[in-house]
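Just so it is clear, none of the values below were taken in a lab; they were calculated from the coordinates. Quantities reported herein were computed from a predicted structural model and do not represent experimental measurements. Cβ coordinates were reconstructed from backbone atoms using ideal geometry, including for glycine residues, and neighbour counts include every protein chain displayed.
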Amino acid sequence: MKFPGQRKSKHYFPVKNRDPLLAQMTQQPQRFPTYITGIDQTLVDIEAKVGDELLERYALPKGNSTLIDDEKAHALYSELKTNKLVSDEFAGGTIGNTVHNYSILADDRSVLFGVMSNNIEVGSYAYRYLCNTSSKVDLNYLQPVDGPIGRCFTLISECGERTFAISKGAMDKLTPEYIDKDIVQGASALILTAYLMRASDGDQITDAALKAIEYAKEAEVPVVLTLGTRFLIEEDPSWWKSFIKDNVTILAMNEDEGEALTGFSDPLLASEAALELCDLVLTTAGPLGLYMAGYTEDSEKRETSHTLLPGMIPEFNRYEFSRPKLKAACDTPIKVYAHISPYMGGPEKIRNTNGAGDGALAALLHDLASNTFHKANVPGSSKHKRDGLCYSSFSQVCKYANRVAYEVLAQHSPRLSRGLPEREDSLEEAYWER
Ligand SMILES: Nc1ncnc2c1ncn2[C@@H]1O[C@H](COP(=O)(O)OP(=O)(O)OP(=O)(O)O)[C@@H](O)[C@H]1O
Ligand SMILES: O=c1[nH]cnc2c1ncn2[C@@H]1O[C@H](CO)[C@@H](O)[C@H]1O
């Protein structure tokens with residue numbers, strides 16, 4: 001496990017604890033392994049730049065993720081290929097991206113539940129999926145299926161907006177028996193997407209997700225839900241609200257999804273409203289940056305040294321130096337908010353923002369898993385006298401999530417091919433010598 005934030009290992013683990021001479025006298029405790037789990041519809045993204053006319057012709061609402069039948073998928077693929085519009089074909093899926101990015105950032109294990117084709121030919125989509133997934137993502141629990149994995153036509157408009165057309169293949173064939181109870185219950189978190197709730201035609205991936213939630217709740221493993229697209233939430237916001245209230249610990253959304261869920265277009269107010277349903281909220285807001293909202297114990301709140309920010313909740317970031325906690329773990333819970341503007345104002349050139357939100361969530365998960373790791377390996381640390389949900393403060397997690405989102409934009413891919421630089425070019429040498 002590599003640590004987030006200012007990554008100087010000395011800072012976290014005093015070197016004396018690992019003195020090779022002292023080690024001979026004392027039994028070194030076994031390092032406690034940490035990982036996260038996620039469930040996804042296994043699919044490959046087929047990225048193409050298209051005009052709005054094409055979206056209209058195929059009846060694809062802009063910004064949505066629409067399921068399409070085989071006939072439409074065939075016609076769309078042929079048209080994109082004939083006109084040489086396909087720019088990339090790589091592994092995708094919102095949770096697949098998130099666990100991959102987590103593994104890259106943490107340099108540590110994650111476990112993905114989903115399906116994989118039984119017979120894989122070199123060059124096939126299934127093959128590409130496996131090739132483009134970090135070797136730290138454990139794929140041993142995938143369910144073998146007859147048939148191809150899904151395809152996600154990722155259609156980028158002139159304005160940078162992305163519209164998805166999903167040809168589902170066998171991606172929804174995951175069954176509850178393939179959810180390993182011990183693996184779910186031993187994880188730092190279980191990550192799900194709202195897309196998992198739209199299985200049809202007798203496919204069981206929704207039941208598989210519900211089974212995993214049941215296991216996670218039984219063992220008090222945080223359940224993390226990312227909302228996917230506003231269109232899905234708009235269909236029945238009340239259903240989603242009660243689903244989140246009953247099952248979800250951490251909610252990740254963008255401002256459109258936040259509005260669909262809560263009715264507030266302001267991302268801060270949407271975050272506050274969503275906080276009534278769960279313990280921690282991450283709201284990304286494109287060029288406005290991102291917000292976090294959560295709880296901390298009144299007696300442990302820490303005041304920021306940054307400028308107090310104006311907003312629909314005045315000076316909302318006052319306690320952003322506090323660490324997030326589960327509401328139930330607080331005697332006197334108070335709501336805490338934090339915000340950050342895009343890192344360096346965003347990269348100079350943004351081809352599209354696909355996956356930036358998934359990147360931000362991966363950073364939050366890294367901080368959360370670091371906390372479990374630290375607690376298990378350094379149980380005596382003063383940090384764990386009071387149970388926190390994350391290792392760092394709201395403010396720090398915001399910075400980290402923002403930095404990772406920037407990296408996704410800068411690398412032009414929803415899946416990071418490398419982690420963050422060990423030393424930021426933008427920081428002077430003296431910073432690292434502190
Ligand atoms: N135009 C932009 N300029 C600067 N930064 C941006 C821009 N768009 C996105 N970002 C950065 O990326 C983060 C996430 O972006 P965004 O809100 O678009 O995610 P999203 O809609 O959830 O994406 P996806 O669902 O594709 O993962 C923002 O919080 C911000 O830090
Ligand atoms: O229906 C879906 N299920 C799972 N993932 C999806 C679906 N639609 C789009 N994406 C995924 O969302 C990612 C960006 O956040 C894309 O990489 C795309 O693969």
*Charge context of residue 395, other residues only, Cβ under 12 angstrom, K/R +1, D/E -1*: +1
*Give or take rounding to whole Å, what are the principal axis extents of the alpha carbon atoms in the chain, in descending order?*
65, 53, 45
*How would you classify the range 175-247 from its alpha-carbon gyration tensor, with a ≥ b ≥ c the square roots of the eigenvalues: rounded for a/c under 1.5, else prolate if a/b is greater than b/c, otherwise oblate?*
oblate
*By its C-alpha gyration tensor, with a ≥ b ≥ c as the square roots of the eigenvalues, how is the range 81-128 shaped: rounded for a/c under 1.5, else prolate for a/b larger than b/c, else oblate?*
oblate
*Setting aside same-chain residues fewer than 8 positions from residue 81, which lysines have a Cα under 30 Å from its Cα?*
49, 62, 72, 168, 173, 349
*About the Cα centre of the range 29-166, how large is the charge dipole given +1 on each Lys and Arg Cβ and -1 on each Asp and Glu Cβ? Please answer in debye to the nearest 20.*
340
*Considering only the other residues whose Cβ falls under 13 Å of the Cβ of residue 289, what net charge follows from Lys and Arg at +1 and Asp and Glu at -1?*
+1
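Add -39500 (n - 2.57) for each DSSP H run of 4 or more in the chain, then divide by its residues: what number comes out at 222 nm, to the nearest 500 deg cm²/dmol? Before the final figure, lay out the partial values.
Details: 15 runs with 144 residues, N = 434.
Result for the chain, helices only: -9500 deg cm²/dmol.
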*Rounded if a/c is under 1.5, else prolate if a/b is larger than b/c, else oblate: which is the range 119-240, with a ≥ b ≥ c the root eigenvalues of its Cα gyration tensor?*
oblate
*aspartates and glutamates within cross-link reach of residue 181: Cα-Cα under 17 Å, excluding same-chain residues under 8 positions apart?*
40, 138, 207, 214, 218, 220
*Nearest 10 degrees, 0 to 90: helix 394-410 Cα axis against the chain principal axis*: 40
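Quick one: dipole size for the range 303-391, taken about the Cα centre, charges +1 on Lys/Arg Cβ and -1 on Asp/Glu Cβ, in debye to the nearest 20.
Result for the range 303-391 is approximately 220 debye, rounded to the nearest 20.
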*Charges only on Cβ, +1 for Lys and Arg, -1 for Asp and Glu: so what's the dipole of the chain about the Cα centre, in debye to the nearest 20?*
1580
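Highest first, please rank the peptides 341-349, 122-130, 218-226 by the mean number of other Cβ atoms sitting within 10 Å of their residues. Working shown, then result.
On the way: 341-349: 14.2, 122-130: 17.1, 218-226: 19.7.
Result, highest mean Cβ count within 10 Å first: 218-226, 122-130, 341-349.
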*For the chain, find the longest principal axis of its Cα atoms and tell me its angle to the long axis of helix 237-247, 0 to 90°, nearest 10.*
40
*asked:* Students often check this: by mean Cβ neighbours within 10 Å, which of 95-105, 202-212 ranks highest, and how do the rest follow?
replied: 95-105, 202-212
